[in-house]
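Beneath this line is the structure, given in structure tokens, with notes to follow.
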Amino acid sequence: MNGKISPFLTRLETTAKDIDDLLDRLLTTTPVPGEQARPARLIDAIRYSSLGGGKRFRPFLVVESAGLFEVPRPQALMAGAALECVHCYSLVHDDLPAMDNDDLRRGQPTAHKKFDEATAILAGDGLLTFAFDILSRTQTHPDPAVRVELVAALARASGLGGMVGGQMLDLAAEGRFSGSGPQRLGEEGVLTLQAMKTGALLRFACQAGGMLGSATPQQRKALERYGAAVGQAFQIADDLLDVEGDTALVGKQTGKDAGAGKATMVDILGTDGAKARLRELVAEAEQALAPFGNSAAILIEGAHFVADRRM
Ligand code: GRG
């Protein structure tokens with residue numbers, strides 16, 4: 001190691017910093033006309049759960065996919081910030097005692113440990129609704145039809161047939177509702193669950209760039225195919241980190257999936273099989289973006305980053 005940060009990581013970090021600054025601004029500006037004062041404890045918990053941590057990989061995907069169509073960066077950052085609010089809400093709620101019951105997130109006490117359960121629930125609710133407030137603003141896109149498309153797509157990606165639905169399937173597979181222990185899901189079942197729970201937001205991130213940039217139907221298809229491959233790879237890498245990762249680096253407790261009876265691709269394919277699948281998914285992501293030529297190089301590096309990540 002020569003201590004040098006790669007151009008890819010520099011670009012990821014620049015977007016992370018821009019997203020932090022934007023969220024900070026959006027969460028400190030005085031309430032918009034017609035809105036009452038925002039309760040201080042709620043804002044403190046929301047800021048704690050959303051600022052100063054996280055790779056901001058989803059906003060990075062929004063910004064870079066929008067970059068393919070020369071969308072002004074401030075618009076892409078607004079859409080990225082909205083998506084990050086939904087992601088942060090999901091982490092706060094996922095950490096609650098009724099869900100995964102975690103004490104550590106991004107290397108810090110989870111929101112309900114730092115504050116209390118009720119505040120953490122409301123902070124998550126507040127982040128979720130704030131996401132749609134952000135998307136509905138003219139700074140996100142001057143054309144109301146584009147804003148409505150973004151709102152509908154994010155609602156679907158995070159909702160019943162997306163992340164929330166996937167979380168429900170995950171809890172059911174753990175045997176939480178049947179009392180008869182974990183269900184053994186097959187490969188198809190695990191893929192569906194993960195495409196909803198984790199994949200839907202990552203797919204939205206890539207599609208959002210096409211929506212902001214008025215992409216053609218073929219370009220949208222290519223982005224969707226790339227997003228689906230990256231989404232699958234992201235979850236497999238996360239599951240490998242649970243088995244092989246270091247809690248200090250990952251920033252959350254590892255080694256929890258097997259004990260919870262969680263259905264994962266590592267469980268189905270074994271660690272070597274899961275690593276081979278990761279390589280196939282990176283190749284699939286590369287192929288999907290071939291029509292964009294060299295302008296998609298950074299997104300292709302993003303797929304490699306996901307597969308190789310250690311945190
Ligand atoms: C509670 C409604 C509800 C949904 C929860 C996404 C999710 C569904 C739970 C998160 C649990 C989890 C570990 C999922 C695996 C993939 C994932 C989302 C990892 C964390 O995302 P990163 O690595 O985190 O992008 P940072 O901290 O970098 O933002």
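What about residue 215, is it more than 16 Å from the ligand (Cβ to nearest atom), in contact with a Phe, Trp or Tyr (Cβ under 9 Å, 6 or more places away or on another chain), among the hydrophobic types (A, V, I, L, M, F, W, C) and within 26 Å of residue 74 (Cα to Cα)?
yes
Are any of the residues in the stretch 156-166 of a type in the set (A, V, I, L, M, F, W, C) and away from the ligand (no atom under 12 Å from the Cβ)?
No, the stretch 156-166 has no match at all.
Conditions tested, residue by residue: (1) under 14 Å from residue 265 (Cβ atoms); (2) touching a Pro at 6+ places or on another chain (Cβ under 8 Å).
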| residue | (1), (2) |
| --- | --- |
| 174 | no, yes |
| 191 | yes, no |
| 197 | yes, no |
| 201 | no, no |
| 205 | no, yes |
| 208 | no, no |
| 211 | no, no |
| 222 | no, yes |
| 226 | no, no |
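Does residue 83 meet the test of being in a helix (DSSP H, G or I) and farther than 25 Å from residue 55 by Cα?
So residue 83 does not fit the description; no.
Do you know which residues across the stretch 1-50 are of a type outside the set (A, V, I, L, M, F, W, C), farther than 15 Å from residue 134 by Cβ and in a loop (DSSP other than H, G, I, E, B)?
Result: 2, 3, 4, 6, 30, 33, 34, 36, 39.
Go through 148, 86 for me and flag whichever is within 16 Å of the ligand (Cβ to nearest atom) and either modelled with pLDDT under 95 or β-branched (Val, Ile, Thr) (or both).
86
Just a yes or no: is a residue in the stretch 142-151 over 17 Å from the mean Cα position of the chain (by Cα) and either closer than 22 Å to residue 233 by Cβ or part of a loop (DSSP other than H, G, I, E, B) (or both)?
yes
Exactly one condition in (1) within 15 Å of the ligand (Cβ to nearest atom); (2) among the charged types (D, E, K, R); (3) closer than 23 Å to residue 49 by Cα is false for residue 176; which is it?
Of everything listed in (1) within 15 Å of the ligand (Cβ to nearest atom); (2) among the charged types (D, E, K, R); (3) closer than 23 Å to residue 49 by Cα, residue 176 misses just condition (3).
Of the conditions (1) exposed (fewer than 14 other Cβ atoms within 10 Å of the Cβ); (2) near the ligand (Cβ under 10 Å from one of its atoms), residue 96 fails just one. Which one is it?
(1)
Mind checking which pairs have a first residue in the stretch 203-218 that is in a helix (DSSP H, G or I) and a second that is of a type in the set (Lys, Arg), Cβ under 7 Å, 6 or more apart or different chains?
Short answer, once both residue conditions are applied: 205/58; 207/220; 210/220.
The values are calculated or read from the model by the stated rules, or taken from the named source; none is laboratory data. Note that the structure is a prediction, hence the values are computed from the model and not measured. A quick note on method: Cβ atoms are made from the backbone with ideal geometry, for glycine too, and the neighbour counts reach across all protein chains shown.
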